[in-house]
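J.: The structure is given below, and queries will be raised subsequently.
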Amino acid sequence: MKLGFIGCGVISVAHVEGLEALKRNGQETFELSAVCDIQQERAEQFALEVEKRLGKRPSVYTDYRLMLAKERLDAVSVLINHDFHHTVAEDCFASGVHVQMQKPLAISPSFGRKMIADAKKYNRVITLSEPSVLGAENVAVARAVKEGLIGRVTFIIDYATVTLNRGFFAGTPWRHMKGQAGAGWINDHGVHRTHFFTEINGSIDEVFAYTEIFEKELSNGYVTMNPTAEDTAVTVFKFANGGLGHWMCATSAHGEGTGGVWIYGSKGCLRPGQHVTLLDGKKILMTELIDRFAPDIVEHPFAHSYVELWEAINENKAPISSAERGLEALGVVFAALESSTIGQPVKVQDILNGKKQAYEDTVLKEMKSILTPGPRSFK
Ligand SMILES: NC(=O)c1ccc[n+]([C@@H]2O[C@H](COP(=O)([O-])OP(=O)(O)OC[C@H]3O[C@@H](n4cnc5c(N)ncnc54)[C@H](O)[C@@H]3O)[C@@H](O)[C@H]2O)c1
(Lines give C-alpha, C1' and ligand atoms only; values in the text may rest on other atoms or scores of the structure.)
Protein backbone atom coordinates (compact mmCIF):
# COMPACT_ATOMS: atom_id res chain seq x y z
CA MET A 1 0.00 0.00 0.00
CA LYS A 2 1.20 3.47 -0.82
CA LEU A 3 1.83 5.90 2.02
CA GLY A 4 2.52 9.65 2.04
CA PHE A 5 3.90 11.88 4.77
CA ILE A 6 2.58 15.43 5.25
CA GLY A 7 5.21 17.25 7.32
CA CYS A 8 8.94 16.43 7.43
CA GLY A 9 9.89 17.95 10.79
CA VAL A 10 11.23 16.75 14.15
CA ILE A 11 9.19 13.56 14.50
CA SER A 12 9.16 12.36 10.90
CA VAL A 13 12.53 10.57 11.10
CA ALA A 14 11.29 8.47 14.05
CA HIS A 15 8.41 7.33 11.80
CA VAL A 16 10.83 6.27 9.08
CA GLU A 17 12.71 4.32 11.78
CA GLY A 18 9.41 2.57 12.50
CA LEU A 19 8.94 1.66 8.83
CA GLU A 20 12.59 0.55 8.71
CA ALA A 21 12.02 -1.74 11.72
CA LEU A 22 9.06 -3.36 9.91
CA LYS A 23 11.19 -3.83 6.79
CA ARG A 24 13.94 -5.46 8.90
CA ASN A 25 11.31 -7.82 10.39
CA GLY A 26 10.11 -8.70 6.89
CA GLN A 27 6.78 -6.99 7.59
CA GLU A 28 6.49 -4.56 4.69
CA THR A 29 3.14 -2.91 5.34
CA PHE A 30 3.51 0.34 3.39
CA GLU A 31 5.73 1.88 0.74
CA LEU A 32 6.53 5.50 1.65
CA SER A 33 6.13 6.81 -1.88
CA ALA A 34 5.61 10.59 -1.39
CA VAL A 35 6.52 13.22 1.19
CA CYS A 36 5.46 16.85 1.54
CA ASP A 37 6.61 19.87 3.51
CA ILE A 38 5.96 23.53 2.85
CA GLN A 39 9.71 24.00 3.35
CA GLN A 40 11.12 22.44 0.17
CA GLU A 41 14.64 22.00 1.56
CA ARG A 42 13.28 20.02 4.51
CA ALA A 43 11.24 17.81 2.22
CA GLU A 44 14.22 17.18 -0.10
CA GLN A 45 16.56 16.33 2.79
CA PHE A 46 13.95 14.10 4.32
CA ALA A 47 13.48 12.26 1.00
CA LEU A 48 17.22 11.48 1.03
CA GLU A 49 16.90 10.11 4.58
CA VAL A 50 14.00 7.92 3.44
CA GLU A 51 16.05 6.62 0.51
CA LYS A 52 18.97 5.85 2.85
CA ARG A 53 16.79 3.90 5.27
CA LEU A 54 14.13 2.34 3.04
CA GLY A 55 16.00 2.05 -0.26
CA LYS A 56 13.72 4.18 -2.46
CA ARG A 57 13.46 7.95 -2.80
CA PRO A 58 9.88 9.19 -2.43
CA SER A 59 8.43 11.94 -4.64
CA VAL A 60 8.71 15.38 -3.06
CA TYR A 61 5.93 17.98 -2.78
CA THR A 62 5.49 21.35 -1.10
CA ASP A 63 1.69 21.36 -1.50
CA TYR A 64 -0.09 18.40 0.07
CA ARG A 65 -3.23 18.95 -2.03
CA LEU A 66 -1.13 18.46 -5.16
CA MET A 67 0.39 15.34 -3.62
CA LEU A 68 -3.10 13.97 -2.88
CA ALA A 69 -4.23 14.75 -6.42
CA LYS A 70 -1.19 13.32 -8.24
CA GLU A 71 -0.13 10.29 -6.21
CA ARG A 72 -2.33 7.25 -5.84
CA LEU A 73 -1.93 7.06 -2.08
CA ASP A 74 -3.80 4.63 0.14
CA ALA A 75 -2.93 6.41 3.37
CA VAL A 76 -1.19 9.45 4.73
CA SER A 77 0.58 10.11 8.01
CA VAL A 78 -0.10 13.69 9.11
CA LEU A 79 3.03 15.03 10.86
CA ILE A 80 2.38 18.76 11.11
CA ASN A 81 1.46 21.39 13.71
CA HIS A 82 -1.62 20.70 15.83
CA ASP A 83 -3.73 23.55 14.40
CA PHE A 84 -3.68 22.04 10.90
CA HIS A 85 -4.61 18.48 11.87
CA HIS A 86 -8.38 18.78 11.28
CA THR A 87 -8.26 20.61 7.93
CA VAL A 88 -5.56 18.37 6.47
CA ALA A 89 -7.42 15.24 7.68
CA GLU A 90 -10.63 16.35 5.98
CA ASP A 91 -8.78 17.03 2.70
CA CYS A 92 -7.25 13.53 2.88
CA PHE A 93 -10.59 11.83 3.57
CA ALA A 94 -12.22 13.80 0.74
CA SER A 95 -9.48 12.50 -1.59
CA GLY A 96 -10.28 8.94 -0.55
CA VAL A 97 -7.15 8.56 1.57
CA HIS A 98 -6.99 6.94 5.03
CA VAL A 99 -5.24 8.91 7.79
CA GLN A 100 -2.82 8.24 10.58
CA MET A 101 -2.81 11.32 12.82
CA GLN A 102 -0.18 12.40 15.33
CA LYS A 103 -1.02 13.30 18.90
CA PRO A 104 -2.75 15.39 20.03
CA LEU A 105 -5.58 14.18 17.79
CA ALA A 106 -6.54 17.83 17.24
CA ILE A 107 -5.70 21.24 18.63
CA SER A 108 -8.82 21.06 20.85
CA PRO A 109 -11.75 18.66 21.52
CA SER A 110 -14.30 20.27 19.17
CA PHE A 111 -11.92 19.74 16.22
CA GLY A 112 -11.25 16.19 17.42
CA ARG A 113 -15.00 15.50 17.33
CA LYS A 114 -15.16 16.97 13.82
CA MET A 115 -12.28 14.80 12.63
CA ILE A 116 -13.94 11.58 13.82
CA ALA A 117 -17.25 12.68 12.22
CA ASP A 118 -15.43 13.48 8.94
CA ALA A 119 -13.78 10.04 8.85
CA LYS A 120 -17.26 8.49 9.19
CA LYS A 121 -18.74 10.84 6.58
CA TYR A 122 -16.13 9.87 3.98
CA ASN A 123 -15.98 6.23 5.16
CA ARG A 124 -12.21 6.39 5.73
CA VAL A 125 -10.03 4.99 8.51
CA ILE A 126 -8.41 7.27 11.06
CA THR A 127 -5.90 5.96 13.59
CA LEU A 128 -3.71 7.85 16.03
CA SER A 129 0.02 7.24 16.32
CA GLU A 130 0.20 7.47 20.14
CA PRO A 131 3.52 5.93 21.19
CA SER A 132 2.69 5.79 24.92
CA VAL A 133 0.29 2.89 24.29
CA LEU A 134 2.09 1.25 21.34
CA GLY A 135 5.16 -0.97 21.01
CA ALA A 136 5.86 -4.16 22.97
CA GLU A 137 6.83 -2.52 26.27
CA ASN A 138 3.86 -0.15 26.50
CA VAL A 139 1.40 -2.85 25.45
CA ALA A 140 2.95 -5.22 28.04
CA VAL A 141 2.54 -2.60 30.79
CA ALA A 142 -1.12 -1.99 29.88
CA ARG A 143 -1.92 -5.70 29.62
CA ALA A 144 -0.12 -6.48 32.90
CA VAL A 145 -2.13 -3.84 34.77
CA LYS A 146 -5.43 -4.85 33.13
CA GLU A 147 -4.77 -8.51 33.92
CA GLY A 148 -4.25 -7.64 37.62
CA LEU A 149 -0.49 -8.07 38.08
CA ILE A 150 -0.41 -5.21 40.62
CA GLY A 151 -4.02 -5.67 41.77
CA ARG A 152 -6.55 -2.87 41.75
CA VAL A 153 -4.97 0.47 40.77
CA THR A 154 -5.29 2.83 43.74
CA PHE A 155 -3.22 5.80 42.61
CA ILE A 156 -0.86 7.01 39.89
CA ILE A 157 1.90 9.60 40.23
CA ASP A 158 3.33 11.16 37.06
CA TYR A 159 5.84 14.01 37.21
CA ALA A 160 7.39 15.55 34.10
CA THR A 161 9.17 18.86 34.39
CA VAL A 162 11.83 20.02 31.94
CA THR A 163 14.38 22.82 31.85
CA LEU A 164 14.23 24.96 28.72
CA ASN A 165 16.17 27.92 30.12
CA ARG A 166 13.50 30.17 28.61
CA GLY A 167 14.05 28.68 25.14
CA PHE A 168 11.61 26.63 23.01
CA PHE A 169 10.51 23.07 23.44
CA ALA A 170 11.86 20.97 20.51
CA GLY A 171 13.08 24.27 18.99
CA THR A 172 9.48 25.14 18.03
CA PRO A 173 8.03 28.52 19.14
CA TRP A 174 4.53 27.42 17.99
CA ARG A 175 4.37 24.93 20.87
CA HIS A 176 4.07 27.86 23.31
CA MET A 177 1.07 29.54 21.64
CA LYS A 178 -2.39 28.22 22.51
CA GLY A 179 -3.74 29.31 19.09
CA GLN A 180 -1.30 26.92 17.41
CA ALA A 181 -0.80 24.20 20.02
CA GLY A 182 -4.06 24.30 22.04
CA ALA A 183 -2.07 24.72 25.24
CA GLY A 184 1.54 24.36 26.38
CA TRP A 185 3.26 21.19 27.47
CA ILE A 186 0.16 19.80 29.19
CA ASN A 187 -1.29 19.33 25.70
CA ASP A 188 1.81 18.52 23.64
CA HIS A 189 3.29 16.10 26.17
CA GLY A 190 0.25 15.73 28.42
CA VAL A 191 -1.90 13.79 25.92
CA HIS A 192 0.75 11.05 25.92
CA ARG A 193 0.19 10.75 29.65
CA THR A 194 -3.62 10.97 29.72
CA HIS A 195 -3.83 8.46 26.87
CA PHE A 196 -1.61 6.10 28.87
CA PHE A 197 -3.58 6.65 32.11
CA THR A 198 -6.91 5.85 30.45
CA GLU A 199 -5.45 2.89 28.54
CA ILE A 200 -4.24 1.18 31.71
CA ASN A 201 -7.04 2.06 34.14
CA GLY A 202 -10.14 3.17 32.20
CA SER A 203 -11.90 6.51 31.96
CA ILE A 204 -11.03 9.50 34.12
CA ASP A 205 -14.17 10.97 35.62
CA GLU A 206 -13.14 14.29 37.19
CA VAL A 207 -10.14 16.62 37.12
CA PHE A 208 -8.93 19.62 39.13
CA ALA A 209 -5.89 21.72 38.17
CA TYR A 210 -3.93 24.90 38.67
CA THR A 211 -1.97 26.22 35.69
CA GLU A 212 0.37 29.20 35.26
CA ILE A 213 2.53 30.98 32.70
CA PHE A 214 5.65 31.68 34.78
CA GLU A 215 7.98 32.52 31.87
CA LYS A 216 6.63 35.67 30.22
CA GLU A 217 9.23 35.81 27.44
CA LEU A 218 10.96 32.97 25.57
CA SER A 219 13.80 33.29 23.07
CA ASN A 220 16.38 31.26 21.16
CA GLY A 221 18.40 34.34 20.23
CA TYR A 222 16.68 34.67 16.82
CA VAL A 223 13.00 34.47 17.72
CA THR A 224 11.58 36.12 20.84
CA MET A 225 7.96 35.62 21.88
CA ASN A 226 5.45 36.10 24.68
CA PRO A 227 3.86 32.69 25.25
CA THR A 228 0.09 32.45 25.57
CA ALA A 229 0.11 28.80 26.60
CA GLU A 230 0.66 27.76 30.20
CA ASP A 231 4.10 26.39 31.11
CA THR A 232 3.16 24.76 34.42
CA ALA A 233 0.21 22.53 35.36
CA VAL A 234 -0.42 20.76 38.66
CA THR A 235 -3.35 18.38 38.35
CA VAL A 236 -5.26 15.84 40.43
CA PHE A 237 -7.87 13.47 38.98
CA LYS A 238 -10.21 10.61 39.80
CA PHE A 239 -10.77 7.53 37.62
CA ALA A 240 -14.31 6.26 37.08
CA ASN A 241 -13.25 3.08 38.96
CA GLY A 242 -12.22 5.12 42.03
CA GLY A 243 -8.43 5.25 41.49
CA LEU A 244 -6.70 8.62 42.02
CA GLY A 245 -3.97 10.46 40.16
CA HIS A 246 -1.44 13.24 40.79
CA TRP A 247 0.11 14.64 37.65
CA MET A 248 2.55 17.49 37.01
CA CYS A 249 3.68 18.92 33.66
CA ALA A 250 6.02 21.91 33.40
CA THR A 251 8.50 23.47 31.00
CA SER A 252 9.37 26.17 33.53
CA ALA A 253 11.77 24.15 35.71
CA HIS A 254 15.22 25.66 36.27
CA GLY A 255 18.42 23.94 37.25
CA GLU A 256 16.99 20.42 37.32
CA GLY A 257 14.09 18.57 35.72
CA THR A 258 11.94 15.82 37.25
CA GLY A 259 10.68 12.65 35.61
CA GLY A 260 8.92 9.55 36.80
CA VAL A 261 5.77 7.48 36.75
CA TRP A 262 4.56 5.25 39.58
CA ILE A 263 1.45 3.08 39.22
CA TYR A 264 0.39 1.81 42.64
CA GLY A 265 -2.00 -1.10 43.06
CA SER A 266 -3.23 -3.31 45.87
CA LYS A 267 -0.51 -5.89 45.06
CA GLY A 268 2.48 -3.79 44.06
CA CYS A 269 3.94 -0.90 42.10
CA LEU A 270 4.69 -0.70 38.37
CA ARG A 271 7.27 1.80 37.13
CA PRO A 272 7.05 2.01 33.31
CA GLY A 273 10.48 1.74 31.68
CA GLN A 274 11.92 0.25 34.88
CA HIS A 275 10.34 -2.65 36.77
CA VAL A 276 7.44 -3.98 38.82
CA THR A 277 7.83 -4.48 42.59
CA LEU A 278 5.34 -6.92 44.13
CA LEU A 279 4.15 -7.13 47.78
CA ASP A 280 6.83 -9.68 48.69
CA GLY A 281 9.57 -7.45 47.25
CA LYS A 282 9.97 -9.56 44.09
CA LYS A 283 11.05 -7.46 41.11
CA ILE A 284 9.99 -8.09 37.50
CA LEU A 285 12.03 -6.39 34.79
CA MET A 286 10.47 -4.90 31.64
CA THR A 287 12.04 -7.60 29.42
CA GLU A 288 10.24 -10.30 31.43
CA LEU A 289 7.02 -8.28 31.33
CA ILE A 290 7.24 -8.13 27.51
CA ASP A 291 7.89 -11.90 27.28
CA ARG A 292 4.87 -12.58 29.48
CA PHE A 293 2.36 -10.04 28.19
CA ALA A 294 3.31 -8.79 24.71
CA PRO A 295 5.50 -11.28 22.81
CA ASP A 296 3.28 -10.73 19.76
CA ILE A 297 3.91 -6.97 19.47
CA VAL A 298 6.69 -5.25 17.49
CA GLU A 299 9.12 -3.35 19.72
CA HIS A 300 9.15 0.09 18.04
CA PRO A 301 6.02 2.13 18.93
CA PHE A 302 5.87 3.85 15.52
CA ALA A 303 6.40 0.53 13.71
CA HIS A 304 3.42 -0.73 15.70
CA SER A 305 1.41 2.35 14.65
CA TYR A 306 1.82 1.37 10.98
CA VAL A 307 0.83 -2.23 11.74
CA GLU A 308 -2.31 -0.82 13.39
CA LEU A 309 -3.06 1.44 10.41
CA TRP A 310 -2.57 -1.42 7.94
CA GLU A 311 -4.78 -3.81 9.95
CA ALA A 312 -7.48 -1.14 10.40
CA ILE A 313 -7.61 -0.57 6.61
CA ASN A 314 -7.25 -4.17 5.44
CA GLU A 315 -8.84 -6.18 8.25
CA ASN A 316 -11.20 -3.64 9.77
CA LYS A 317 -9.41 -4.33 13.06
CA ALA A 318 -9.95 -1.82 15.88
CA PRO A 319 -6.62 -0.19 16.77
CA ILE A 320 -5.36 0.10 20.36
CA SER A 321 -4.53 3.71 19.55
CA SER A 322 -7.83 4.84 18.09
CA ALA A 323 -8.96 8.39 17.33
CA GLU A 324 -11.75 7.93 19.91
CA ARG A 325 -9.21 7.13 22.66
CA GLY A 326 -7.14 10.08 21.46
CA LEU A 327 -10.17 12.35 21.85
CA GLU A 328 -10.69 11.04 25.37
CA ALA A 329 -7.03 11.79 26.21
CA LEU A 330 -7.47 15.30 24.82
CA GLY A 331 -10.66 15.62 26.89
CA VAL A 332 -8.73 14.95 30.12
CA VAL A 333 -6.14 17.62 29.22
CA PHE A 334 -8.87 20.14 28.42
CA ALA A 335 -10.72 19.22 31.62
CA ALA A 336 -7.56 20.27 33.54
CA LEU A 337 -7.33 23.52 31.56
CA GLU A 338 -11.05 24.19 32.02
CA SER A 339 -10.75 23.54 35.75
CA SER A 340 -7.89 26.00 36.04
CA THR A 341 -9.93 28.56 34.06
CA ILE A 342 -13.14 28.31 36.10
CA GLY A 343 -11.61 27.35 39.48
CA GLN A 344 -13.71 24.20 39.91
CA PRO A 345 -13.35 20.45 39.35
CA VAL A 346 -14.49 19.46 35.86
CA LYS A 347 -16.06 16.24 34.55
CA VAL A 348 -14.24 14.91 31.48
CA GLN A 349 -17.61 14.01 29.91
CA ASP A 350 -18.61 17.72 30.00
CA ILE A 351 -15.54 18.50 27.88
CA LEU A 352 -16.05 15.59 25.51
CA ASN A 353 -19.65 16.57 24.75
CA GLY A 354 -18.85 20.30 24.52
CA LYS A 355 -20.96 21.28 27.55
CA LYS A 356 -18.01 23.11 29.13
CA GLN A 357 -15.57 25.03 26.95
CA ALA A 358 -14.52 28.27 28.67
CA TYR A 359 -10.84 27.35 28.11
CA GLU A 360 -11.36 26.03 24.58
CA ASP A 361 -13.05 29.33 23.67
CA THR A 362 -9.76 31.15 24.43
CA VAL A 363 -7.98 28.80 22.01
CA LEU A 364 -10.57 29.38 19.28
CA LYS A 365 -10.26 33.14 19.79
CA GLU A 366 -6.48 33.03 19.38
CA MET A 367 -6.77 30.75 16.32
CA LYS A 368 -9.04 33.35 14.69
CA SER A 369 -6.63 36.18 15.51
CA ILE A 370 -3.80 34.23 13.86
CA LEU A 371 -5.88 33.77 10.69
CA THR A 372 -6.59 37.51 10.67
CA PRO A 373 -3.73 39.66 9.29
CA GLY A 374 -2.16 41.75 12.05
CA PRO A 375 0.69 41.84 14.53
CA ARG A 376 1.91 38.41 15.76
CA SER A 377 3.54 37.83 19.13
CA PHE A 378 6.79 36.55 17.57
CA LYS A 379 9.41 39.29 17.30
N1 LIG B 1 6.22 11.22 20.24
C2 LIG B 1 5.31 11.67 19.42
O3 LIG B 1 4.30 11.04 19.18
C4 LIG B 1 5.50 13.01 18.78
C5 LIG B 1 6.70 13.69 18.98
C6 LIG B 1 6.88 14.93 18.34
C7 LIG B 1 5.85 15.47 17.57
N8 LIG B 1 4.67 14.78 17.43
C9 LIG B 1 3.55 15.38 16.69
O10 LIG B 1 3.89 15.50 15.31
C11 LIG B 1 3.40 16.73 14.78
C12 LIG B 1 4.57 17.49 14.19
O13 LIG B 1 5.50 17.77 15.23
P14 LIG B 1 7.03 18.10 14.92
O15 LIG B 1 7.72 18.12 16.23
O16 LIG B 1 7.55 17.21 13.86
O17 LIG B 1 6.88 19.61 14.40
P18 LIG B 1 7.88 20.43 13.48
O19 LIG B 1 7.49 21.86 13.62
O20 LIG B 1 9.29 20.02 13.70
O21 LIG B 1 7.49 19.89 12.00
C22 LIG B 1 6.30 20.21 11.38
C23 LIG B 1 6.60 20.27 9.90
O24 LIG B 1 5.36 20.44 9.22
C25 LIG B 1 5.59 21.35 8.15
N26 LIG B 1 4.30 21.92 7.75
C27 LIG B 1 3.54 22.83 8.39
N28 LIG B 1 2.41 23.08 7.71
C29 LIG B 1 2.45 22.28 6.62
C30 LIG B 1 1.56 22.09 5.53
N31 LIG B 1 0.41 22.74 5.42
N32 LIG B 1 1.92 21.20 4.58
C33 LIG B 1 3.08 20.51 4.67
N34 LIG B 1 3.97 20.68 5.67
C35 LIG B 1 3.65 21.54 6.64
C36 LIG B 1 6.56 22.36 8.71
O37 LIG B 1 7.24 23.08 7.68
C38 LIG B 1 7.49 21.45 9.52
O39 LIG B 1 8.59 20.99 8.77
C40 LIG B 1 2.71 17.47 15.94
O41 LIG B 1 1.34 17.26 15.90
C42 LIG B 1 3.30 16.81 17.17
O43 LIG B 1 2.43 16.79 18.29
C44 LIG B 1 4.49 13.56 18.00
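The values are calculated or read from the model by the stated rules, or taken from the named source; none is laboratory data. Predicted model only: the values in this text are computed from it and were never measured. Glycine gets a Cβ as well: all are built from the backbone with ideal geometry, and neighbour counts include every protein chain shown. We work out accessible area using only protein heavy atoms, side chains counted, and drop any ligands, DNA or RNA first. Shrake-Rupley method; radii C 1.70, N 1.55, O 1.52, S 1.80 Å.
J.: Test residue 287 against the criterion of being away from the ligand (no atom under 16 Å from the Cβ) and in contact with a helix residue (DSSP H, G or I) (Cβ under 7 Å, 6 or more places away or on another chain), and give yes or no.
T.: In short, no.
J.: Another question, if that's okay. Tally up the residues in region 243-302 that are among the polar types (S, T, N, Q) and part of a loop (DSSP other than H, G, I, E, B), please.
T.: 3
J.: Which of (1) open to solvent by 10 Å² or more (accessible area, probe 1.4 Å); (2) in contact (Cβ under 8 Å) with a residue 40 or more places away in the chain is the odd one out, the single condition residue 101 does not satisfy?
T.: (1)
J.: Please work out which residue is farthest from the ligand (Cβ to nearest atom), limiting yourself to region 172-181 and to residues that are touching a residue at least 60 places away in the same chain (Cβ under 8 Å) and within 17 Å of residue 79 (Cβ to Cβ).
T.: 180
J.: Follow-up. Restricting to region 24-38, give me the number of residues that are near the ligand (Cβ under 10 Å from one of its atoms) and open to solvent by 100 Å² or more (accessible area, probe 1.4 Å).
T.: Going through region 24-38 one residue at a time, the tally reaches 1.
J.: What tally of residues in region 87-98 results from selecting those that are open to solvent by 20 Å² or more (accessible area, probe 1.4 Å) and either of a type in the set (D, E, K, R) or in contact with a helix residue (DSSP H, G or I) (Cβ under 7 Å, 6 or more places away or on another chain) (or both)?
T.: 4
J.: Something else now. In region 104-126, how many are within 13 Å of the ligand (Cβ to nearest atom), among the β-branched types (Val, Ile, Thr) and either open to solvent by 10 Å² or more (accessible area, probe 1.4 Å) or more than 12 Å from the chain's Cα centre (by Cα) (or both)?
T.: 0
J.: Using the structure shown, decide if residue 141 is under 25 Å from residue 296 (Cα atoms) and more than 16 Å from the ligand (Cβ to nearest atom).
T.: Yes, satisfied.
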